[in-house]
Amino acid sequence: MQGYIDCHCHISSREFDGDIECVIEQSKKAGVLALVAVAEHAGEFEKIIQLSQRFPGFIFPCLGVHPVQEDSAQPRGALPKDLDSAMPLIEKYKDHIVAIGEVGLDFTPRIVSTDAGKELQRQVLIRQVEIAKQLNLPLNVHSRSAGRPTIHLLKELGVENALLHAFDGKPSVAMEGVHAGYFFSIPPSIIRSEQKQKLVKQLPLENMCLETDSPALGPEK
């Protein structure tokens, strides 16, 4: 059967609570064979697992702590304490998940503006890389405004299996990831992104995947 796999989406988002059955049905009609559902924080882990059980063979769960966390409705960089409730759940569901994600680095200035904050994000990523290695799972990686440091850290840690989603760095930096064996997933927002259009022209086809990052990064803002 020919079709598509959405390699990075947020199907557990509240936006889908009212019509999840319709969303899944429309996805299948559009030729989607499977959704890889990523997490951002421990609070949604159980929901993602439940969705994968509700739609077996179609929704495949990833669990991980995103580099950006909400704190009193204000975004901030991830901290080691954010892993405290996540790690036991990853251990609990280790036989059900297909990757550790969404993890990574986000050096957007409004999120983290100090070297100390960046180092805390690195520590969170390092711990999750260790878990991925222990479980022999790939990583589903976020790298906004941090493409080069993310790829360099993954390589330094000996990561062999990683997918970098919606990569916003230079093609030359992406090629460092290609040479390390990493994959890059491209969202629908490519049609309004000159950077991503340049990126796909240089990435080898065998290193490219598709994603929606739904409900974000659609073809329209």
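Readers should treat all values here as calculations from the given coordinates under stated rules, not as data from a laboratory. These numbers come from a predicted model, not from an experiment. Virtual Cβ from ideal backbone geometry, glycine too; neighbours counted across all protein chains shown.
Among Leu35, Leu163, Ile48, pick out the residue whose Cα is farthest towards the positive end of the charge dipole of the chain, where Lys and Arg carry +1 and Asp and Glu carry -1 on C-beta, about the Cα centre.
Leu163
Mind checking the log10 I(q)/I(0) for the stretch 132-196 at q = 0.16, 0.19, 0.27 Å⁻¹? Debye, one equal scatterer per Cα, no solvent, two decimals.
One equal scatterer on each Cα of the stretch 132-196 leads to -0.49, -0.68, -1.24.
List the aspartates and glutamates whose Cα lies under 18 Å from the Cα of Lys29, skipping any in the same chain that are fewer than 8 positions away.
Asp6, Asp19, Glu21, Glu211
Take the Cα pairs of the stretch 51-176, get the Kirkwood Rh, then feed it into Stokes-Einstein at 10 °C and 1.306 mPa s and tell me D in µm²/s.
On the way: Rh = 15.0 Å.
Once the numbers are plugged in, D ends up at 106 µm²/s.
Enter the Cα centre distance for the pair the stretch 166-217 and the stretch 1-68, rounded to the nearest angstrom.
One Cα centre to the other: 21 Å.
About the Cα centre of the stretch 112-221, what is the dipole size in debye to 20, counting +1 per Lys and Arg Cβ and -1 per Asp and Glu Cβ, all else neutral? Each step should come with its number before you reach the end.
Values: 13 positive and 12 negative charges, 43 e Å.
My answer is approximately 200 debye.
What residue among Asn207, Gly104, Gly218 has its Cα farthest toward the positive end of the dipole of the chain, where the charges are +1 on Lys, Arg and -1 on Asp, Glu, each on the Cβ?
Result: Asn207, furthest along the dipole toward the positive end.
By the 4.7 Å beta carbon criterion, which cysteine residues of the chain come out unpaired?
Flagged as lacking a Cys partner: Cys9, Cys22, Cys62.
If you add up the charges near Ile100, with Lys and Arg at +1 and Asp and Glu at -1, over every other residue whose beta carbon is less than 15 angstrom from its beta carbon, what do you get? Walk me through the intermediate numbers first.
Working: positive: Lys92, Lys94, Arg127, Lys133; negative: Glu40, Glu44, Asp82, Glu91, Asp95, Glu102, Glu130, Glu160.
Here the count lands on -4.
Measure of size requested: the Rg and Dmax of the stretch 36-113, with Cα atoms as the atom set and Å as the unit; please supply both.
13.1, 42
Determine the principal axes of the Cα atoms in the chain, then give the extent along each, sorted from largest to smallest and rounded to whole angstroms.
Principal extents (largest minus smallest coordinate, Cα): 46, 41, 34 Å.
What GluC sites (Glu not before Pro) does the stretch 91-195 have in DSSP loop regions with at most 16 other beta carbons within 10 Å?
Working: sites: Glu91, Glu102, Glu119, Glu130, Glu156, Glu160, Glu176, Glu194; in loops: Glu160.
Within the stretch 91-195, the qualifying GluC sites (Glu not before Pro) (loop, at most 16 other Cβ atoms within 10 Å) are Glu160.
Dipole size in debye (nearest 20) for the chain around its Cα centre, Lys and Arg Cβ +1, Asp and Glu Cβ -1? Let's see the in-between values first.
Numbers: 23 positive and 29 negative charges, 105 e Å.
Once rounded to the nearest 20, the dipole reads 500 debye.
Of Lys170/Lys196; Lys118/Lys196; Lys133/Lys196, which sit over 19 Å apart, Cα to Cα?
Values: Lys170/Lys196 9 Å; Lys118/Lys196 25 Å; Lys133/Lys196 30 Å.
Violating the 19 Å limit, Cα to Cα: Lys118/Lys196; Lys133/Lys196.
Taking the Cβ-Cβ separation of Asn161 and Ser72 as r and a Förster radius of 35 Å, what is the calculated FRET efficiency to the nearest 0.05? Intermediate values should be presented prior to the final figure.
Numbers: r = 36 Å, r/R0 = 1.02.
With R0 = 35 Å, the Cβ-Cβ based efficiency is 0.45.
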